[in-house]
Amino acid sequence: MRNCVDLFWCEWAALFKGKMKRPLARGGWLLAVSPLLLLMTLWNWVCLALDECFFPSYRHQPVKAPLFVLGPPRSGTTHLHRTLALDSERFVVSAAWEVMLAPSIVQKKLLRGLIRLDRNTGRLLARGVDWVEKRGLQAFDQTHPGSIRDAEEDYFYLGSMLTCTGWMLAFPNWPGFDRALPGLPGMQDAYRRRALAFYRRCLQKQLFVDGGERTLLSKNASFSSWMDLLPEFFPDARFVVCMRDPLQTLPSMLSTAEKAMQGFYAEQKGDPMLDRLRQCMEAHYQVLHAHVPRLESGRGLVVENRELKERLPEVIQELNVRLDLHFSEGYLQLIQDVGEQSRAHRSPHHYDLKTYGLQEEDLLKSCPTLASTLSTPQ
């Protein structure tokens, strides 16, 4: 809770010092969000403590050979993750509502019970959620379309620790996020290790509630720059790394971040956030380039974004064989239809290097890429 109070102190201080481009709108947003986030954080920690009282056996739940989908943001991780998540018999995944609202076993059981009750009593709550989504998520239709029911990045479990660095787009003035950001001077390995220990417990809770027989499927673009530590906490994990040209990912990420900050009225004078994001994106490429080649055979594969788009069924088949995933025939047949949709998809999101003053030569030097380790079609 102390970090949460400190975060809002920094945001209000920045507002009164004239650092924000839209101070009135930002002030109104902070007035609305501050008490909600404080209450939600308190509620999360109360429920996490109740887990230790009522469900202590979750600590013995193994996280056996999980599959992590990584890659620099805007490289296709969401597409691959949601495609793999279609095999619900094989994988356990976290829905967006769960990672945002239910890090604890107590919360998962309460909310799942509420969902079952709503389903049996006319779906009034579900219709209300649909109405809110239709109007509230329009800003993300071009950059990250989806629903709170979709499989989502379980990195958001770290929201309770204020270590979910995606939140810095909403709270750009709090320096505490820098501790979890490789590429920035304030990064602390000890802090990241504490965060990963907490994150692993959250995954144990997910498996405890969903049953431990299936494989945990995790997608975390933000963890690409944590590849130096992930194998330490998940020694038998398998990794699929999505890779895309930094000349595309950098402006796409900065454009996405800019739109998100506009939605939070969080634009700063001078745009210092964009420079921080650039450094973080460079770290994603650098850490992956240094650590993925060190993985043992059969534990890590690199997939280029164009492969996901042009030959998705073949990619899934290769992942099935190379990572020993044992997909069902029904799932592999379903992927043929998904592959057709993938080839036909055209993103409405447009961006340009020049908009952000990025130099092609500099990016190619600072963002080393990995070549695909899948077979190249003849």
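The values are calculated or read from the model by the stated rules, or taken from the named source; none is laboratory data. In this text the structure is predicted, and so the values were computed from the model without any measurement. All Cβ positions, even for glycine, are placed from backbone atoms using ideal geometry, and neighbour counts span all protein chains on display.
Within region 156-170, can you find the residues that are surrounded by fewer than 21 Cβ atoms within 10 Å (Cβ to Cβ), more than 10 Å from the chain's Cα centre (by Cα) and either under 21 Å from residue 267 (Cα atoms) or among the basic types (Lys, Arg) (or both)?
Result: 167, 169, 170.
So is residue 191 among the aromatic types (Phe, Trp, Tyr), under 18 Å from the mean Cα position of the chain (by Cα) and either part of a loop (DSSP other than H, G, I, E, B) or modelled with pLDDT of 90 or more (or both) or not?
no
Anything in region 211-231 that is touching a residue at least 24 places away in the same chain (Cβ under 8 Å), over 21 Å from residue 150 (Cβ atoms) and of a type outside the set (S, T, N, Q)? List them, or say none.
212, 226, 227, 228, 229, 230, 231
May I ask you to list the residues in region 113-124 that are within 20 Å of residue 209 (Cβ to Cβ) and among the aliphatic types (A, V, I, L, M)?
Within region 113-124, 114, 115, 117 qualify.
Do we find that residue 94 is farther than 13 Å from residue 47 by Cβ, among the polar types (S, T, N, Q) and touching a residue at least 12 places away in the same chain (Cβ under 8 Å) in this structure?
Answer is yes for this residue.
Across region 34-49, what is the number of residues that are at pLDDT 95 or above and either crowded, with 16+ Cβ neighbours inside 10 Å or touching a Ser or Thr at 6+ places or on another chain (Cβ under 9 Å) (or both)?
Matching residues across region 34-49 total 6.
Would you be able to tell me the number of residues in region 131-151 that are surrounded by 14 or more Cβ atoms within 10 Å (Cβ to Cβ) and either at pLDDT 85 or above or in a helix (DSSP H, G or I) (or both)?
Final tally of qualifying residues: 2.
Got a sec? Which of 16, 8 is of a type in the set (Phe, Trp, Tyr) and crowded, with 16+ Cβ neighbours inside 10 Å?
After applying the criteria, what remains is 8.
Mind counting the residues in region 96-122 that are assigned to a helix (DSSP H, G or I), modelled with pLDDT of 95 or more and within 20 Å of the chain's Cα centre (by Cα)?
Qualifying residue count, region 96-122: 1.
With the requirement that a residue be under 13 Å from residue 250 (Cβ atoms) and buried (at least 16 other Cβ atoms within 10 Å of the Cβ), what does region 277-296 give you?
277, 278, 280, 281, 282, 283, 284, 285
Would you check if there is a residue in region 28-48 being in contact with a strand residue (DSSP E or B) (Cβ under 8 Å, 6 or more places away or on another chain) and farther than 30 Å from residue 108 by Cα?
no
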